[in-house]
1. Residue 110 fails exactly one of the following numbered conditions: (1) surrounded by 21 or more Cβ atoms within 10 Å (Cβ to Cβ); (2) more than 13 Å from the ligand (Cβ to nearest atom); (3) within 16 Å of the chain's Cα centre (by Cα); (4) β-branched (Val, Ile, Thr). What is the number of that condition?
2. Give the residues of the stretch 59-82 that are in contact with a Phe, Trp or Tyr (Cβ under 7 Å, 6 or more places away or on another chain) and either surrounded by fewer than 18 Cβ atoms within 10 Å (Cβ to Cβ) or over 24 Å from residue 114 (Cβ atoms) (or both), sorted by residue number.
3. Among what's in the stretch 123-150 and is within 13 Å of the ligand (Cβ to nearest atom) and among the hydrophobic types (A, V, I, L, M, F, W, C), pick the residue that is nearest to residue 192 (Cα to Cα).
4. Look at residue 299 and say whether it is at pLDDT below 95, closer than 21 Å to residue 112 by Cα and assigned to a loop (DSSP other than H, G, I, E, B).
5. Within the stretch 207-238, restricting attention to residues that are farther than 20 Å from residue 46 by Cβ and exposed (fewer than 15 other Cβ atoms within 10 Å of the Cβ), which residue is farthest from the chain's Cα centre (by Cα)?
6. Of the conditions (1) out of contact with any Asp or Glu (no Cβ under 6 Å at 6 or more places or on another chain); (2) at pLDDT below 95; (3) in a helix (DSSP H, G or I), residue 59 satisfies every one except a single condition; which number is it?
7. Please go through the stretch 186-205 and pick out each residue that is under 19 Å from residue 19 (Cβ atoms) and in contact with a helix residue (DSSP H, G or I) (Cβ under 8 Å, 6 or more places away or on another chain).
8. Look through the stretch 180-206, keep the residues that are within 15 Å of the ligand (Cβ to nearest atom) and among the aliphatic types (A, V, I, L, M), and return whichever of them is nearest to the chain's Cα centre (by Cα).
Amino acid sequence: MNIIQQMFGVHNEYFLEKHWPTLPYVLQGDMNRFTELSSLEELHDIEKLLSVLNDSVDLLFPGGKRISVSDKFEALSAHTNGEAMIYIKNMEVIPAISSACDDLAHTLAVPRQYVSCEAFAANRDVEVATHFDHETNFMIQIKGEKTWRFAENTSLPDPIYPYFPNNPNRFYQNGRHPYTGAQLPREMPTKNEEHLVRPGTTTFMPRGYWHSTTSHEESFSIGFVINPPTIADIISYAVLEQLHSVEALRAHPLATHPTNNDDILLNIIQKGLNKMRNLSIEFSAEDLLHRYKSSKKGNTRNLSPI
Ligand SMILES: [Fe+2]
């Protein structure tokens, strides 16, 4: 059984036809249906999990403060005394989790590098404040009970950055819509759903949906994250690659002499704009879709340090 069949059981086709990728879905079920994941010791023992991780983990505090810690004991202590939730990004160091990501990518026809897995460990009564994310999530509750509330985001569908009304990042200056400047809601819309999730429950949270959680006892969950480029990204990456193939356009816009005026730079920029105009005719939509589907690289041109 593929991972979607394990998550949604006999409802898997219904889920794919009616809910994926835009409508939420919560399916209660026994953890044993996850053939590989249910027997993973690391998912049932936070200390063991922390011991197999190479990277630092994040601590999420109520109110939105977030810090990265490399000392696993510090993380464990903040978790045990209920101060913060532990947020673990790279769960794929566990081979069975990496295989589940392979399976999910294959089943949903998403290039593998845009699928990842993260985990959340919280003590009782820890809340994650109302927010929305820019990614699509499949959350599996492994341990403890938790309440999820969620609602459709009609203010800013398909956001490209997450938004916490209590602690807006710089993309949402003063809690405003990045494109219209309108004030974004500070609270979850009143038309929301509430679900109690238990070990084995899968919650599908579409991109951009408002959500918040409250754990009622020690809680552990994993989330499979789908975060491909936007359509605009697919177009602009293809254009960018072609523009960067021209030496003059790879230059930084720095004057070569203090007395230079802007004419040289303006000419080069115009040359780039002309090239872009030609590219918009040369590229076909089929080329760009193929380029995305066969892409092996990640979202950006940032390379990790060697
Ligand atoms: Fe979230």
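1. If we test residue 110 against (1) surrounded by 21 or more Cβ atoms within 10 Å (Cβ to Cβ); (2) more than 13 Å from the ligand (Cβ to nearest atom); (3) within 16 Å of the chain's Cα centre (by Cα); (4) β-branched (Val, Ile, Thr), just (1) comes out false.
2. Passing the criteria: only 64.
3. Ranking the qualifying residues of the stretch 123-150, first place goes to 150.
4. Working: at pLDDT below 95: yes; closer than 21 Å to residue 112 by Cα: yes; assigned to a loop (DSSP other than H, G, I, E, B): yes.
Answer is yes for this residue.
5. 236
6. Only one criterion in (1) out of contact with any Asp or Glu (no Cβ under 6 Å at 6 or more places or on another chain); (2) at pLDDT below 95; (3) in a helix (DSSP H, G or I) is unmet by residue 59, namely (3).
7. 200, 202, 204
8. Here the residue is 205.
The values are calculated or read from the model by the stated rules, or taken from the named source; none is laboratory data. Every value quoted in this text rests on a predicted model; they were computed, and no experiment measured them. Virtual Cβ from ideal backbone geometry, glycine too; neighbours counted across all protein chains shown.
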